[in-house]
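As structure tokens, the structure follows; a few thoughts come after it.
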Amino acid sequence: MGLLKIKVNNQKDKLLCAVLADRVWRTVDVKEGVESQTGITVVEQRLFVGGEELPNRERLCSLFPETQDDICLTLVRRPQEQAKWMAQVLEFGLRLREAPQHVQDDRDVVMAAVGRNWKAIEYASAALRADREVVLLAAKPDSRALEFAAESLWADRLFVLNAVQYDGKLLKRVSEALAGDPEVVRAAIQTDWHALEFASRELRGDRETLLEAVRQGGWEPMRYATHDAREAMRADVELVMVAVQKDWRALRECAKEIADNRDLALVAVRQDWRALAYMGLGAKTDHEVLLAAASQDMCALTLALTEFPVEKDVILAMVKRNWHIFAYLPPHYLADQEIAVAAVEQDWQAWRYTPDRCRADPNVALVAVRQYPDALEIGHESLRGNRDVMLAVIVQDPHKLAIASKDLRSDCSLVQAAIEKDWTALRHANEDVRSDRATVWEAFRHDVSALDLASDSLLNDFDAMLEFMKHNKATMDYMGKELLENERFVQTMLEDPKMGREVVFAMVRKNWRSFMTFPDKYRCDREVLMAAVKQDWHAMNYALKDDDGSNPWWSDRDVVLVAIRQDWSALKEMDKQFWGDVDVVRAAMLQHAPAIDLAPAREARELWQDRDLVMIAVKHDCQALNKVRPTMWTETDIVLEAVKQDWTILEKAPSKTAKMLWSDYDIAINAVRQCWEALSKVGKELLSDKAIILEAIKQDWKAMDILPPKTAKAHWEDRDIVEICVAQDWRALKNAAQEFKEDKRIAMMAVKQSYLALRDLPQEEQTRCWGDPDIVLEAVLQDGPAAIKKADKSLMGIKHILLPAVKQQGALLQFADEQLLGDRELVEAAVAQDGMAIQFASGELRADHALAEIAIKNTEGKAFDFLAEELQKDGDLVEMAGIE
């Protein structure tokens with residue numbers, strides 16, 4: 001979109017300026033361009049082209065064609081006064097009320113004013129309030145402006161047509177002729193149907209006019225129709241339809257002859273099912289109407305079925321179209337098998353709404369569970385014993401076998417159907433089925449671990465296990481142990497060439513006792529024997545012996561090791577030569593450390609010199625160190641293991657070695673960790689170690705007394721050590737370094753135990769502490785009288801310090817500062833403890849009647865003399881004090 005070249009001339013056709021304008025500019029934008037070049041303000045300018053003034057808000061593209069590139073405009077300047085008022089009303093429209101009468105009669109000024117604020121129409125001249133364009137401009141933002149329109153305008157058809165579009169009820173102001181004008185009346189009704197009230201009688205009986213009113217307001221506008229027209233319209237299907245579309249309640253106004261109209265009924269019930277109450281019987285029983293009502297609200301169906309008869313075929317057809325209707329049927333329909341099946345076929349959840357009798361019906365149940373096996377939970381318990389129902393459930397969810405009746409869980413064919421879907425369903429079968437070879441075989445074909453679920457009787461069944469073994473040798477892992485002690489079964493297995501040598505090992509791993517029934521060639525087989533011995537060393541007793549009856553295997557080191565690792569007690573049967581074999585003895589001791597004590601004396605001496613064996617023995621019992629040679633005491637790691645059990649074992653150490661051991665850090669700290677008194681034996685070089693000292697003082701801070709003075713002094717300078725000691729006993733504070741005696745946190749730790757700890761502090765530090773509110777409060781809680789007397793006087797103005805003190809001894813109120821002597825809570829606490837404390841209270845509180853009563857009662861009248869003078873004249877108090 002190109003630019004426009006605009007030449008602006010004056011009325012004498014003399015060029016004033018030229019403006020290059022965008023076509024999207026408005027006329028006012030051009031005026032601003034002129035102002036920038038000529039100084040003529042926008043409000044002064046009137047721009048004309050061809051004798052027509054250009055509207056301010058109109059865009060140039062709508063005024064001039066795209067083919068026109070050059071434009072010549074004529075500028076006419078407004079009179080100075082007019083321009084002045086134009087500027088004012090454009091800023092604030094209601095300035096018009098201040099304008100002279102001739103200005104209020106100036107159309108341009110008034111148009112500008114009402115354009116700014118519609119309320120300015122009130123101050124326009126009478127002539128301009130009769131100007132259609134001026135009044136309609138004012139009414140555009142607010143129809144209340146029409147209240148100021150001249151009466152003559154209400155007979156102006158064009159004005160009225162525009163006015164009623166702002167407010168239809170203004171029809172009441174129009175002339176009689178216009179009130180009978182169909183176009184005017186319908187325009188008013190379209191804005192507000194209440195305008196029908198002010199239409200002529202002829203139009204209030206006119207069908208087209210009434211139809212327009214009904215479109216706007218439903219049936220309600222018909223109250224303004226003439227009686228005859230209203231009655232006639234009740235039978236007008238089109239008009240009633242429009243009313244019903246607006247509001248279903250209009251149906252109750254229709255004539256009887258159209259009450260069965262199916263289309264009307266459908267429109268009404270789709271809004272609200274309650275419309276059923278206002279239609280004829282034919283419409284009420286119509287299949288589509290009932291279905292529409294039920295779809296809108298199922299309660300409609302219940303209402304319909306209780307008020308008028310409906311054929312079963314209609315109900316059945318409705319349920320087949322929408323099963324949700326089923327939930328709202330009366331009980332006798334809910335119990336009807338045919339209707340119930342029709343509902344459940346669509347959605348199994350319909351079964352929830354059936355009565356108990358129907359929930360026990362296998363035919364309905366089959367329809368439900370075929371959709372959703374868990375639907376069985378809704379059904380009657382008896383269905384769990386129905387084979388057809390449970391079969392339909394199990395083929396979808398095999399594990400539902402778990403909830404089948406006991407009889408069905410003993411039904412082999414039913415269980416096999418479940419196994420076909422998931423072999424693990426076998427777990428839910430009764431034991432008699434889990435003992436059935438054919439049934440277990442079906443599961444076994446899927447996974448050998450199905451034998452985990454087989455009964456013990458089947459797993460010990462001779463023929464069954466042979467058959468299963470031929471199919472899968474892993475059966476050995478599951479078969480009963482007793483079967484492997486059956487000599488005939490074992491022989492049959494071993495004679496089968498397909499079984500192989502690995503089956504021999506599998507048998508002894510499963511049950512070593514099977515070794516007892518093996519033929520000689522296996523009982524003298526070293527590998528087979530070792531496999532059996534790994535299970536139980538007693539298998540050695542069944543190995544093939546020599547001709548002289550001796551067992552050669554007790555001389556086989558590898559076999560002996562296997563036996564001992566299985567059970568250390570096999571040590572007792574081995575050849576004595578192995579007592580000298582450290583590996584053999586270690587294998588026994590790892591199970592039972594005292595096994596070393598069974599060794600012959602000569603071998604025992606050698607064994608007790610073996611470092612590894614001694615460690616094993618000591619870990620079992622620290623007293624084993626008593627059996628070792630003195631040189632073994634130098635093995636600090638062995639001694640440490642003993643000390644961890646009982647530090648006193650160090651008392652058995654050789655004297656030459658003991659000092660070295662007590663200088664070993666790990667041994668020392670483990671001994672002290674057990675008993676702080678062990679600190680007295682620790683090497684001096686370790687006494688400076690903080691960790692060892694901490695282990696001791698955590699048990700008893702007096703362990704510090706064991707230390708040499710210099711070492712102790714160094715530790716008393718350690719914060720962690722001081723805090724642990726003081727936390728145990730406040731008396732430890734006196735030994736702490738000076739910096740910790742000045743530490744408020746540590747001082748508080750001691751004072752919380754006993755404020756007497758302050759006595760052990762230097763005088764200067766005592767003075768500081770007695771001036772600390774927190775420390776003084778702790779002291780007061782322990783001994784108020786003593787603490788208050790020692791506390792700094794500056795603290796006597798702190799209420800929470802004085803309050804617990806006076807509760808212990810009321811007379812301490814005398815130490816409170818003047819301001820607190822007027823504190824009622826403090827004074828009352830003091831007087832409650834000692835009535836004589838009233839003498840220290842402020843004058844105001846000594847004149848308090850309630851406090852006076854407390855003081856007199858607590859002192860048997862002695863406090864009376866300290867009461868304010870006016871209270872000493874109070875008869876009741878005088879009598880209470882016993883003064884005559």
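The values are calculated or read from the model by the stated rules, or taken from the named source; none is laboratory data. Keep in mind the model is a prediction, meaning the values are calculated, not measured. No Cβ is skipped: glycine too gets one built from the backbone with ideal geometry, and neighbour counts run over all protein chains shown. The protein model used for the area step is the full one, side chains on, heavy atoms only, and it has no ligands, DNA or RNA in it. Shrake-Rupley method; radii C 1.70, N 1.55, O 1.52, S 1.80 Å.
Tabulated results
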item: Considering only the chain, percent of DSSP beta bridges that pair antiparallel, nearest 5; result: 75
item: Charge dipole (debye, nearest 20) of the range 732-840; +1 at Cβ of Lys and Arg, -1 at Cβ of Asp and Glu; result: 220
item: Alpha carbon centroid spacing (whole Å) that separates the range 757-771 from the range 112-142; result: 94
item: Radius 13 Å from Cβ of E764, net charge of other residues (Lys, Arg +1; Asp, Glu -1); result: 0
item: Shape box of the range 1-48 [Cα atoms, principal axes, largest first, Å]; result: 32, 21, 18
item: Sparse-neighbour loop sites [trypsin sites (Lys or Arg not before Pro); the range 469-516; at most 11 other C-beta within 10 Å; DSSP]; result: K498
item: Extension gain (nm, one decimal) between H332 and D575, 0.36 nm per residue minus Cα-Cα; result: 78.2 nm
item: Computed helical MRE - 222 nm, the chain, DSSP H runs ≥ 4 contributing -39500 (n - 2.57), nearest 500; result: -13000 deg cm²/dmol
item: Percent RCO, i.e. relative contact order, over the chain, from Cα pairs under 8 Å lying at least 6 residues apart; result: 2
item: P(r) histogram, all alpha-carbon pairs of the range 140-288 included - 10 Å bins from 0, percent; result: 12, 36, 25, 16, 8, 2, 0
item: Separation of alpha-carbon centers, the range 344-399 and the range 795-874, rounded to whole Å; result: 87
item: Scattering curve values for the range 613-747, log₁₀ I(q)/I(0), Debye with Cα scatterers, q = 0.21 Å⁻¹; result: -1.10
item: Centroid-to-centroid separation of the range 481-553 and the range 180-236 [C-alpha atoms, Å]; result: 113
item: Amide H contacts of L73 (H built 1.01 Å from N, under 5 Å, at least 5 apart or other chain); result: K7, V8, N9
item: Positive dipole terminus of the chain, leading residue within F518, T38, I788 (C-beta point charges); result: T38
item: Cα lying deepest toward the dipole's positive end in the chain, options A112, W423, S405, charges on Cβ; result: A112
item: 19 Å Cα-Cα reach of K698 towards lysines, excluding residues that sit fewer than 8 places from it in its own chain; result: K644, K681, K690, K713, K734
item: Cα gyration tensor, the chain - rounded (a/c under 1.5), prolate or oblate; result: oblate
item: Cα convex hull of the range 408-485 - mean projected area over all directions, nm²; result: 4.3
item: Only Lys, Arg (+1) and Asp, Glu (-1) charged, at Cβ; the range 640-715 dipole about Cα centre in debye; result: 240
item: Percent carbon-and-sulfur accessible area, the chain, ignoring ligands, DNA and RNA, probe 1.4 Å; result: 45
item: Accessible solvent surface per residue of the chain, calculated while the other protein chains remain in place, 1.4 angstrom probe, Å²; result: 49
item: Ordering of 437-445, 841-849, 72-80 by packing [mean C-beta count within 10 Å, highest first]; result: 437-445, 841-849, 72-80
item: Residue-count net charge about D597 - beta-carbon cut-off 13 Å; Lys, Arg +1, Asp, Glu -1; result: +1
item: Estimated dipole of the range 65-204 in Debye, rounded to 20 [Cβ of Lys and Arg +1, of Asp and Glu -1, Cα centre]; result: 440
item: Leading residue at positive end of dipole, the range 322-426 (Cβ point charges), from H380, A335, I325; result: H380
